[in-house]
């Protein structure tokens, strides 16, 4: 037990205390924060803050709400409005024609047609508010706000509405983050196993402790490196979310089901172990790090496959494709939580998928342990499949 | 009770029988030579003894019983394939491997200081291993092998690719260990080192035991029934029991008849007043025995 702890500590600190690791740890969130920041900045730069002018020839505007005083400016006639537009004091102006009562027409004039949308909205709101002045205030407010579509799941309180962009994106972001972590941990583990064959420390190690102790320490150590990475990233993401929820209105109705979290946990844990074990196995069969990295892609690539099919999966989360992906251990870790986030997955499907994943994880560990014992001291020759499955 | 014992072990890899019915025992406190040409099965035998491989059949006893995890802390092993973690500092590497041998950190630290001093590595303790010369890495490896003060020391080809200075250093270390009472098993194909260091030996070829016993006994067993004589006044003719006389480089080799003994010949020479400068029963070198056994007769065990 003590020796497992020693190996664990060595493997963990070796990676975590390295500059390379710290750099990678901080660079990913920083890159994400940076690109989000640049996105916001580019929106801010392009948004036109100049007011919108209007000419009320029909005489229907009686009240301008106080919050619109800065964004709307009244002009006595079109010539004055035009002059203001030419002087670039306003971004556009609207003319509410004298025959508005009959035609219901408002003409908007702007320098740049692509900017038409926002100024028109502003004027539309103003006209609506004024037309409804005589109505009951509650009805008026309701009419001004307009309808909001909300899609509810049939069996619980999950809902997806138009404004819950964050809730929609979260499962996908989580999937990508987790995949990255699985890959890094697995990669470290593989590297750690090959390294000892490459530098010939293996024989000293296996005459100091049992292959099982060595493998346990290594696996736990390198998985913890991945978990540390994930923890830090999730912590930063949480912080980011807090900011979003605090300062942005559309972050406030973020809503995800607990089922999603449980399924994520239940699928990623065994997937994590399975991939790590398979990578360790690769490490034990080959003799050089470079060779191992080439083979390792074989195991991590299938994990990403569901992301390539993300559109059909989201359009029909209960299609045959989705079902097939749910029951293949490599594609399940992404598919199942994604389906659970957007639709209702029958219990038997979730249970079978998670069961298969756990079985695969155990199988992979058994295989890795066996291959490790057989392959740890082979330097030149690779292991054959026949040898791996032969009884001894 | 033997420190190390294998009985009738057999190990096959694929179609190749690497170890075929090998039996020998190593007594406490001796330096034991495990000899054989390259690919004879020495390293496989060691790995079976250390529980790295399981034998197909046969019995292994180490330090008075089957190999166990606790016993690993009492064994020092210098593998033929040398190498340590390249990417970490020397002291970090030694400390990690020492604690894996069951030492607590404090003891490991104290002993490491002493060894670094002894092997002249103090100035390099903070360097990464890949920055050290090959000779320094060999010393580091030796520290790792010895730091937990093993009762049984197994060294596989300890002198391969070493310069004379480092060869002498390893010999000194092995002698010092024997003085401390450590049992040492030395795998090698370098016979001169065995003649210099080993008390007893086993010679393996193609997985089978060809010779086994004390060094002196084996050499006597393989003596060629010849005596080397150098005299100041020449040798008389017609010596009893002598089959053939062969002059060699100033002295004379007397090849004896199978029933004659060197003792009788010496007696006769003295009686006939031959002034002797040298009288030596010609014992073959281990090298000669090795070549004879490996190339000549492969059927006798």
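What follows is calculated from the coordinates using simple rules that are stated; it is not laboratory data. Model, not experiment: these values are computed from the prediction.
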Fill in the blank from the handout: Scoring the stretch B:224-282 by relative contact order with C-alpha pairs under 8 Å, at least six apart, yields a percentage of 52 percent
Problem - Choice from B:216, B:20, B:70 showing the highest fluctuation, given a GNM over chain B with Cα pairs closer than 10 Å - result: B:70
Handout entry: Choice from B:227, B:242, B:270 showing the highest fluctuation, given a GNM over chain B with Cα pairs closer than 10 Å
Key = B:270
Handout entry: Over chain B, relative contact order from alpha-carbon pairs under 8 Å, at least 6 apart, %
Key = 21 percent
Problem - Alpha carbon centroid spacing (whole Å) that separates the stretch A:328-379 from the stretch B:195-240 - result: 66 Å
Handout entry: P(r) weight above 15 Å for the stretch A:288-373, C-alpha pairs, percent
Key = 63 percent
Fill in the blank from the handout: Binned at 10 Å starting from 0, the alpha-carbon pair-distance distribution of the protein assembly as shown in whole percents comes out as 3, 11, 15, 15, 12, 11, 9, 7, 5, 5, 4, 2, 1, 1, 1, 0
Exercise for the section: Please state, as a whole number in µm²/s, the translational diffusion coefficient that the Stokes-Einstein equation yields for the stretch B:224-282 at 10 °C and 1.306 mPa s, with Rh defined as the Kirkwood radius across alpha carbon pairs. Expected result: 141 µm²/s
Problem - For the stretch B:4-219, fraction of C-alpha pairs farther apart than 33 Å, in % - result: 16 percent
Handout entry: Value at 222 nm in deg cm²/dmol, rounded to 500, when DSSP H runs of n ≥ 4 in the protein assembly as shown each add -39,500 (n - 2.57)
Key = -16500 deg cm²/dmol
Handout entry: Length added when fully stretched, residue A:366-residue A:133, from 0.36 nm per residue minus Cα-Cα
Key = 76.4 nm
